[in-house]
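This report concerns only the one structure given below.
The values are calculated or read from the model by the stated rules, or taken from the named source; none is laboratory data. Keep in mind that what you see is a predicted model, and the values were worked out from it rather than measured. For neighbour counting, all protein chains shown are included, and Cβ atoms are generated from backbone atoms with ideal geometry for every residue, glycine included. Heads up: the accessible areas ignore ligands, DNA and RNA and are worked out on the full protein's heavy atoms, side chains in. Shrake-Rupley method; radii C 1.70, N 1.55, O 1.52, S 1.80 Å.
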Amino acid sequence: GRAIALRLATEGAEVLCCDLIAEPRSVDPEEPTEKPTHVEIAEQGGSARFQAMGVGDERSVEEGFDRAGELELPLRICVLNAGIFTGEASILDETAENHDRTLRVNERGVWLGCRAAARRFVAGGEGGRIVCIASISGLVGRTDESAYCASKGAVVNLVRAVAVELAP
């Protein structure tokens, strides 16, 4: 998500960075944590702001999109890339809670984001672009990743359905 936001800003987009928290999560414990993405964009001369959002929560998603409107940020592109992987677990051992959490973020989050963006694109009359990030795991099964594969497979087919519906 960070790389996408930085590139869009480089191309001139005003970016609203949405996540649970502004601070980036360190991928490598040996590497220092980077600056928040919206700060990095601003330091590079771009325009960016942060909005707290829990993608699996309908109210949070709607408030995030409303905030973009309040800031008068023109919505032209919506990139939906939030996702979680709760770890490898056999279908025999995975908890229903981890399964539900994975689907809440990975599938429901994309569905809520697609719906919110699409409503605004259609109402605005100018259309727009929705980019959804899935995974190869949405196309193939992987050992000990049933919930993750299910969530990403749902995203792949959701995108197909939304594309057909909104193409006109």
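The value given for the chain is a Kirkwood hydrodynamic radius of 17.0 Å, derived from the mean inverse Cα-Cα separation. Evaluate region 58-122: find the radius of gyration of its Cα atoms, find its Kirkwood radius, and give the ratio Rg to Rh. That ratio is 1.12, to two decimals.
At full extension, residue 163 and residue 90 could sit 23.0 nm farther apart than now, given 0.36 nm per residue minus the alpha carbon distance.
Only protein atoms count toward the accessible area here, which uses a 1.4 Å probe; on region 60-168, the carbon and sulfur part of that area reaches 53 percent. Rounded to the nearest 20 debye, the dipole size of region 1-116 about its Cα centre is 380 debye, using +1 on the Cβ of Lys and Arg and -1 on the Cβ of Asp and Glu. Computed with a 1.4 Å probe over protein heavy atoms only, the accessible surface of the chain comes to 62 Å² per residue. Residues of region 91-107 with the amide nitrogen closer than 20 Å to a label point 7 Å from the Cα of residue 63, along Cα-to-Cβ, please. Counting backbone N atoms under 20 Å from the label point, the list is 104-106.
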